[in-house]
Structure formats: C-alpha cells, structure tokens
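Read through the structure below, which is laid out as structure tokens, and then see the notes.
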Protein chains: 2
Amino acid sequence: MAPAALEDFETQRLHGEELSTAPVAYTPSAAFKSKQQQGKPDAVSLSHHFSNESRDFEGSPLKKTALNRTDFVPLGTGRPTAELYPWSLDDKQAQATATALSAKGYNLTTALNYGHAGGTPFLIRYLTEHVELVHNPPYRNWETCLTAGSTSAMEIALRIFGDRGDVVLTEEFTYPGFLEAVHLSGMKAKGVKMDDGGLREDSLAEILDNWNTSDGPKPKLLYTIPTGQNPTGYTQSLERRKAIYRIADRHDLIVIEDDPYYYIKAGPLAESDASAQTDGGGFISQLIPSYLSLDTSGRVIRLDSTAKILAPGLRAGWVTASERVISKFMAYHEVTTVAVSGMSQLMLYDLLDRTWGHEGFFRWLEKLSGRYRKRRDIIVGACQKYLPRAACDFIPPSYGMFVWIRFDMALHPQLRELLGSPDVQMLRTTVATVEQRILQDALQNGVQVTKGSLFRSSGGEAHEMFFRLTFAAAREDELAEGVRLFAEVVRKEFLADAVGL
Amino acid sequence: MAPAALEDFETQRLHGEELSTAPVAYTPSAAFKSKQQQGKPDAVSLSHHFSNESRDFEGSPLKKTALNRTDFVPLGTGRPTAELYPWSLDDKQAQATATALSAKGYNLTTALNYGHAGGTPFLIRYLTEHVELVHNPPYRNWETCLTAGSTSAMEIALRIFGDRGDVVLTEEFTYPGFLEAVHLSGMKAKGVKMDDGGLREDSLAEILDNWNTSDGPKPKLLYTIPTGQNPTGYTQSLERRKAIYRIADRHDLIVIEDDPYYYIKAGPLAESDASAQTDGGGFISQLIPSYLSLDTSGRVIRLDSTAKILAPGLRAGWVTASERVISKFMAYHEVTTVAVSGMSQLMLYDLLDRTWGHEGFFRWLEKLSGRYRKRRDIIVGACQKYLPRAACDFIPPSYGMFVWIRFDMALHPQLRELLGSPDVQMLRTTVATVEQRILQDALQNGVQVTKGSLFRSSGGEAHEMFFRLTFAAAREDELAEGVRLFAEVVRKEFLADAVGL
C-alpha cells in the first residue's frame, strides 16, 4: 500500500472528532495514524528486557482517573481552575499574548493547567502525522509522545531497560549527557569502534558474537547518534544502518536512535551553492532513512529533539517506539516532570500546527539546512586555511553542526619521544595536559572549543587528541575568525612554524 | 540582627552587578542574600546520608564548561545561536510577543536558548529574596534553585538520599505521586499516624525510638506536607512543627517539606467575611512558620510549587536546602530535564519580578487566599447541608484546597454485620467495593470525587472509608451543586433516608 500523503491526513482531520481541551486530556497516536498503518505486523514484545525497576511499574493510579470530558463537577483532582491563574484573560496584556499565541483549540487556559504525561492531543496528532510522513515505521502499533527533551528521554529509556551492572553499547565517542546517565544508574558504557562512516558494524558484531558473560550480562541496548553524530559529525550510510539493524535483530538488541541532527543536512561540499528552495517535501524525501523507517521488528526507540531545529529552551521533544514502551515512558513522566511545560507545548502547537502545517515545517527545515550549509562551508574553509594540516585531519560533515578534529600527537614536540615509550599512563597524562592547555590558551585567545576527551565512552588510543568545533553557536561572521584564533594556539603548541607543519 | 526588609534588597540590587544573559549563565543564591545571613552558623553536613547512587555524582563535566560571559567566539558548545530559531525577532508576531513578555534582561532570545539546571540568575535572585523575606532560614549556607515542579524534585530527593530497601516516613495518607516514586526506587513508605492537627509527633517518636533494624535501616527521610495537607487538608500547628523538628534533630532525620498549599490560607471559618486587602506584607507575616524557618541545623529540604498559586502548566517550582544538597539537585537536573522550560521561566520572571515585585506577589497570594476562602466556605456549607452527618465527619480546612471526609462504615447497611467479623480481608474488600461504587455512581450522577484509598501510605483501619473533595477545580457557582450530587449518591449508599442518618 502506498504511504499516506499529506492529503490523507487533511481528509482524516476533517472527519475526525474534535480534540479534547479538558485538563490532562490524552489521545494516543493510534487515533491519528493513516489507515495505511493497519495492515502492518505488530512490534515484537520487548518486555523481557524490562528492568527490575520498571517491570511492574504502570504509572500513577490517581493520574489514570483523568478523563477527556468536562461534563461533570470536578471535585476530584486538585487542578486549580483557570479563573485562579494570575495570567487572567481579563488582563489586557495576557489577552494580547493569548490571542497572539493561540486563538482556539489548545490555548493559554489549557496550557496553563495540568497536562498529560504524553502531551496534548493537539501536538500528538501533529507529531504522529509528521512521524508517519517522514519515517513511516514498518510495523503497526507504534506510538509517539512528548518528552521533556531527549536527555530526559534517554535517562528514562535507561531506567526502563537497564539494571545495575548492565553494559550499554555506544559509539566510541558520544554525548556526555548519556554517559553521565549510564554511570549514574550503575551501568557501564562500552564503545563500539568508529570510522568516517560512524559506528562500525564489524566492531558491533565482534563484541556481541564474542560476548563473555563474565564481563556482565550480554548488552541489550545500543545507543547511537546515526546522523551528524555528536561529537564527530559522522553520518552512517543507509547500507551501514541496514547492516547494524540486522545485527540488532540477530542479537535481540534495542536501538536507541538519538537523532537531533537528522534534519540539519548541509550535504556534500560540492552542492554548497544550492540556494533554490522547494516545497520542502523534496528535501524530506532526500534525507537518509532513519532506523525507525527500517524498524520491521519494533525494536527502535527514536528520540527527536526540538533543541537543534527549533529552540533548546523549550525542553521538549518526542519519542517514537512500540506502544508498550511508550506507555512506560509516560509512566516515568508522571513521577518526574509530570508533563512538558504547557508554555512550550503552546509555542510548538502554535508554530507547527496553526502556523506552518507539515509543509511549512519541511520548508523551515530545508531553509535551516541551507543556513547550516553556509556555516559549514565557512568553518571547513577556515579549518583548511588556518590549521596545520599535516598535524591534524577532519571530515567535512554532511549533517549536523560539528567538526571533529583529530591531532596526530606524534608531531607534538613534547610527545614525539614519548610515543615509543611503554609507559602508557605517562603518555595519557601528557596528552591530557596538552589538551587542557590548548583549551585554556584558546579561551585566553578569544575562542571557546570543546575537548574531545569529554566524549570518550571507553577505551581509546593513548596517542590521540581531539577537539570538537561547532558552527551552531557563533555568529556567521565570526566563525572564520574563531577558527583562526584556535589555529593560532594549535600552531604555537605544535611549534608548527618552526618545524614546518 | 533584624531580618532583611524589602528595602535592603532594593539597595542591594542597585549596587549589584548586572546579571548575565549568556546561555547557561548561573549565579548561586549566595550572591543575592542580604548581609544579615552572613553571621549565621553553617548547615550540618548531610553527606553521610547520600545514597550509593548519588554519593560521587557531581554532574556533567561538559555542562561545567558554561561561562557567565560572552566575550569569545563560541565554537565549543552546540547551542544554536538565536538567529537560527524560527521565533525570529524580525517576525512581527514574535516581536509583539517578545515585547509583551520581556523587554530587557531575561528575554525571549535568552529563554529560547539552553538554560542552567539551577534556573536563570534573574529568577534565582527573585526567589532567593523571596525565601529570605518569608522564611529567613536560621543557618547561613542555604541555596535556592528552580525545579521542574515539586513531583520532579521529590523524586530527585529520593535519588539523592534513598537506597533500595530504605523506609521513608510519611503521613498515613499522602500524595500518591510521592508514594509512586518511593516504590519505583525499591523503597517502602511507612505511615506516621495523624490526627486533626496532621502528623502526630508521638507516633513519629515511637517509630524512631523503637526502630527494629530487622525491618530495614533506620529511616533517614521524613516526607511531610505540613500545611493544608494532601489529602486531609490538615495543618500542623507551630508547636507541633517544633516538636517534630526536635525529633528530627535527635534522630538525624532529613525533613522533606512539601508545601504547595502554604500560601493558600482560608483561615478559620469565623474570619470568612474578611474582604479587606492589605499590602500583602501583613498577610505573609501571619502565615504559620515553615519548617525551613525553624531549620537551625540545615536538615530541611523545602519544596515550593507554582502549581497551586500561579499555574500548574508551568511545571516549575523551587527548592531550598543547604548548598551541598542543592548542588546535587542541579546535577540530577542536568541528566534529566536539563533545565526548566525557558518559556515557563520567562512567564515567571515577567510576572514576579518585572510586573509584581515582592509586594505584588504577596498581594496576589492574599487575594488568591480570599478567593479560596470563599470557595472553602461554600463547600463546607454544602457538606454540612447535604451529607448524612451522622455517618461522616470532616474538619473545615484552614489552608489549602481539600476537604477530607471520613465515613463511619459501622453505619453502612452492608458493613454493619461484617464489622465484628474476624475476617479483616473480607472487610477490606467490601469497603473497597463500596468506595469504588460510590466513585462511579457519583461520576454517573455528574460529579467527580477522589477515593481516599489512593492516598494510603501503609497500614490503616479496615473499617474506614474516605473521600477527598477539592474546591480548586470547579467553578465557584457549581461547587455546592457538586457536593449535593455526591451526597445524593452517599445517602443512597448508606440508605440514609430509610434509617434516618
């Protein structure tokens, strides 16, 4: 059956029931998917993977008393009625804000009240349609709900599936927030080797095929950032994704697909001049397929974030997985943040649904990618121009916002002799000292960069040093200067001019 | 030394440094307290109480690279610059919103970016001053930071201090969200007996004095809702608070003071006619002293919530405790929600600091209390009028938003004979059936109420049945009718008219 198109959702909305604006109203994604989803097989059950903590945890019985109706006198739940909020609709300023932000449906009054752990139905509807349009998961019973950002979502995923002593597989270098959460829960991260194409399937297979249970229970979780990876900027090809997914299927592995950079596509360097804008649909169809779109078994937990494509301050994202897993997510939301800030939900609803619609969002993502492409070209050009290329290398990223620079420490004056030495600890300490000195000298020189060692999950070579540069945070016109200032420090550190690097 | 007054803070602000609007800027409360705090003793250390999980957890090293300055090219952290947000300041609508919400200082641009786990310095300043004005904690090194709501904060408190198998003391009936979090972490809740004045100090002392370590390690946490308790609406007197605090000191107990109803003071029934408004300061000074204000040792973790006094949808509150404990809170924020929604922070800053100031907030709380007083009077009047008083009783609440109705099951036709029976399990099941039937019949009849059994922490008498009514959620003009509809169901259930109750 052909995948659903925009028009199918428009028709469906036209004939669908009106959404509830009752406090803590909830409607699952199932109500918003196209009919095309019905014929698909169900997800495999992942419940044998549930942690001791989460196995019997179904969320708050009190919260389950919430109803999508308002045809009764509410003496049950301590949710102050809207007339008791100080942002009153009588107040002129608040009225202006309320009008500006949302006229009907989900509005300021609803947003200021308690909300459901899964998000307002108004956003679940939009995001379900969006997920189906972009990823069209190949199984039937997937669900999408809001998260209080992907960092919160990955921590919850660890609580749902992880027990103390478990080993979680990650890329060799990865997002430190995830590593923190792993360590906090008494688990260990094990790094899978990477190359320019990201996580290597051969390294993953080797680890799983030869797992020695004396090192702990066989890993059941793989955390990966497949697109514009943090910190390397590397992107896994479709072939690699398929190969990794096959390994996951063979070893009954759950894949946490953390994909905040998915929609930021700078493309290859050669294309950089492309400035023509389309209707956005073409842009979306040319994005690399996600793990979710390959997920025939229902073993992927896909995390989407608003932080890089809309605004980080919203602390909101969405997660897509099989319905049983999503209901666990919502149970955890209930005992932690309870719900995503209503103000954030209102901003998102107003922009995504009321203002943009799906095509408008796609156009925004294409436009945003164009702006990142320009920035990527500037920073890559500056790196090529200013850095001592003989002592370092990097891959121009085609997605995301990071340039990962690897330094060859064999060319560092202080390390040159040490490298042959059998004293690996001494070597590591020296590299760490050099890394820290470059960081501080760079800041002194007027540029902030990030040490590569912060991203290391486990293992790694003693003679390597990395720095991560981002082209997201600086003004476009100061990017090249930033790289120049950094390069100045690096050249001095490597005595580049003296030795001709 | 006399406690600081409003004017002291005004002067201090005038001479203070300008606050940073850099992304992830942070300034501790210490910078905003009055000089009067300097002479106080330090808090006792609670670090021997830290859980295995939290003991060595200091938060994210990457996050610690944040700086309160902007005088460098930021190539370090992946925080998209404001020009990359879709709520652009060029956009007319967004500009109107931005202007309406915040002209200078903390504004939309800052709010949409990443924020610090502790909250923007603009709010920390306000809340620190507020805490000092209202509670003036008797030790020196207290700190206040934002929370993503009190439910999130209590869950974090459990993670900081609790290990699997620990027993946490609570009121006999308490907030189910807390009980959920306790069970989720593999801990147990033990209910301390209550009377009309809330948690009973003799029951607390008895439990601790006679603790048998074969039931688990001696409790180190007491969770209490001292004011307008949920679900009972009971308020601990000052004498009782002092007695309980002395016991906490003697047994090295940490007190989690969850106080969302503190500022909702309906007062005794007789005062109900008081409609005169003051400058708010008088109102504040007549509130019952909090545990924080009695906390000479620094063993109280006070949770304040915006949910009941401003709006629940903000998902924001604040926590006050000794600095070491607050830094643990922030470390946990970093790996969970990262920060409170910038939109919520902006709404709060704009209202509390820019619009109201401290006196305006006090006046709002007094006005709000007046509105709750009116509602309390209506619901209490309706309960007196409609309920079969011989079969039930309740205490008119002087704080908060709940009326807790205890039913004497000896008067229930189905239970009358059973009560003498030694089959306690049978008795419990029957009471549960009656409770559930009343709930459903009430909803059928057009009123939503809450079953008392949802709030039970541990133990309890088999022959008791409770319902919680709230006067916060319904419209003022439907409150009495709601009670009448509920009473109709109760009267039918107890055959009240037939037996003359």
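The values are calculated or read from the model by the stated rules, or taken from the named source; none is laboratory data. Worth saying up front: this structure is predicted, and the values here are computed from it rather than measured. Using ideal geometry, Cβ is built from the backbone for each residue, glycine included, and neighbour counts are taken over all protein chains shown. The accessibility values were calculated without ligands, DNA or RNA, using every heavy atom of the protein model including side chains. Shrake-Rupley method; radii C 1.70, N 1.55, O 1.52, S 1.80 Å.
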Of A:GLY177, A:GLY198, A:GLY186, the only residue that is open to solvent by less than 30 Å² (accessible area, probe 1.4 Å) and either β-branched (Val, Ile, Thr) or touching a Phe, Trp or Tyr at 6+ places or on another chain (Cβ under 8 Å) (or both) is A:GLY198
Give the residue that is surrounded by the fewest Cβ atoms within 10 Å (Cβ to Cβ), with candidates limited to residues of the stretch A:489-501 that are charged (D, E, K, R) and without any contact (Cβ under 8 Å) to a residue 60 or more places away in the chain.
A:ASP497
B:THR81 passes all but one of the listed conditions (1) open to solvent by 80 Å² or more (accessible area, probe 1.4 Å); (2) modelled with pLDDT under 85; the exception is number (1)
Within the stretch B:449-476, count every residue that is open to solvent by less than 20 Å² (accessible area, probe 1.4 Å) and part of a helix (DSSP H, G or I).
2
I'd like to check something: does the stretch B:218-229 contain any residue that is more than 17 Å from the chain's Cα centre (by Cα) and of a type in the set (A, V, I, L, M)?
no
Could you say which residue among A:LEU415, A:LEU479 is open to solvent by less than 10 Å² (accessible area, probe 1.4 Å), in contact with a Lys or Arg (Cβ under 7 Å, 6 or more places away or on another chain) and farther than 21 Å from A:THR174 by Cα?
A:LEU479
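Give the residues of the stretch B:1-19 that are part of a loop (DSSP other than H, G, I, E, B) and open to solvent by 60 Å² or more (accessible area, probe 1.4 Å), sorted by residue number.
B:MET1, B:ALA2, B:PRO3, B:GLU17, B:GLU18
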Being at positive phi and surrounded by fewer than 24 Cβ atoms within 10 Å (Cβ to Cβ) is the filter; apply it to the stretch A:104-153 and report the residue that is nearest to the other protein chains (Cβ to nearest Cβ).
A:GLY105
Under the condition of being open to solvent by 20 Å² or more (accessible area, probe 1.4 Å) and of a type outside the set (Gly, Ala, Ser), which residue from the stretch B:255-282 is modelled with the highest pLDDT?
B:LYS265
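Please go through the stretch B:30-56 and give me each residue that is outside any loop (DSSP other than H, G, I, E, B) and open to solvent by 80 Å² or more (accessible area, probe 1.4 Å), ordered by number.
Across the stretch B:30-56, the qualifying residues are B:LYS35, B:HIS48.
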Any residue at all in the stretch A:417-439 that's polar (S, T, N, Q) and facing chain B (nearest Cβ under 9 Å)?
no
Given the conditions (1) open to solvent by 40 Å² or more (accessible area, probe 1.4 Å); (2) touching a Phe, Trp or Tyr at 6+ places or on another chain (Cβ under 7 Å); (3) not aliphatic (A, V, I, L, M), report the number of the one that A:ASP423 does not fulfil.
(2)
With (1) open to solvent by 10 Å² or more (accessible area, probe 1.4 Å); (2) of a type in the set (Ser, Thr, Tyr); (3) touching a residue at least 12 places away in the same chain (Cβ under 8 Å) as the list, and A:SER214 as the residue in question, which single condition is left unmet?
(3)
Answer yes if at least one residue in the stretch B:419-430 is of a type in the set (Lys, Arg), at pLDDT below 95 and either farther than 30 Å from A:ASP71 by Cβ or under 29 Å from the mean Cα position of the chain (by Cα) (or both), and no otherwise.
yes
Report, ordered by the first and then the second residue, all pairs with beta carbons closer than 7 Å, sequence separation of six or more or different chains, a first member in the stretch B:136-152 that is farther than 17 Å from B:ALA31 by Cα and in contact (Cβ under 8 Å) with a residue 60 or more places away in the chain, and a second member that is in a loop (DSSP other than H, G, I, E, B) and of a type in the set (Asp, Glu).
B:PRO138/B:ASP295
Every residue from the stretch B:9-44 that is in contact (Cβ under 8 Å) with a residue 24 or more places away in the chain and of a type in the set (S, T, N, Q):
B:SER20, B:THR21, B:THR27, B:SER29, B:SER34, B:GLN36, B:GLN37, B:GLN38
Of the conditions (1) modelled with pLDDT of 95 or more; (2) under 22 Å from A:GLU334 (Cα atoms), B:GLU180 fails just one. Which one is it?
(1)
Among helices (runs of 4 or more DSSP H) entirely within the stretch B:299-404, at least 2 residues that are touching a residue at least 24 places away in the same chain (Cβ under 8 Å), open to solvent by 20 Å² or more (accessible area, probe 1.4 Å) and farther than 21 Å from B:GLN236 by Cβ occur in B:323-335, B:357-386
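Which one of these is touching a helix residue (DSSP H, G or I) at 6+ places or on another chain (Cβ under 6 Å), among the aliphatic types (A, V, I, L, M) and not in a loop (DSSP other than H, G, I, E, B): B:LEU415, B:LEU419?
On inspection, the qualifying residue turns out to be B:LEU419.
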Residue match in the stretch B:228-235 (condition: more than 14 Å from chain A (Cβ to nearest Cβ) and buried (at least 20 other Cβ atoms within 10 Å of the Cβ))
yes
Search the stretch A:445-480 for residues being closer than 18 Å to A:GLY191 by Cα and of a type in the set (S, T, N, Q), and hand back the single one that is farthest from the other protein chains (Cβ to nearest Cβ).
A:SER458
If we keep only residues of the stretch A:236-264 that are away from every other protein chain (no Cβ under 13 Å) and among the hydroxyl-bearing types (Ser, Thr, Tyr), then the residue farthest from A:ALA181 (Cα to Cα) is A:SER237
Can we say B:ALA22 is in a helix (DSSP H, G or I), within 30 Å of B:THR77 (Cβ to Cβ) and of a type outside the set (D, E, K, R)?
no
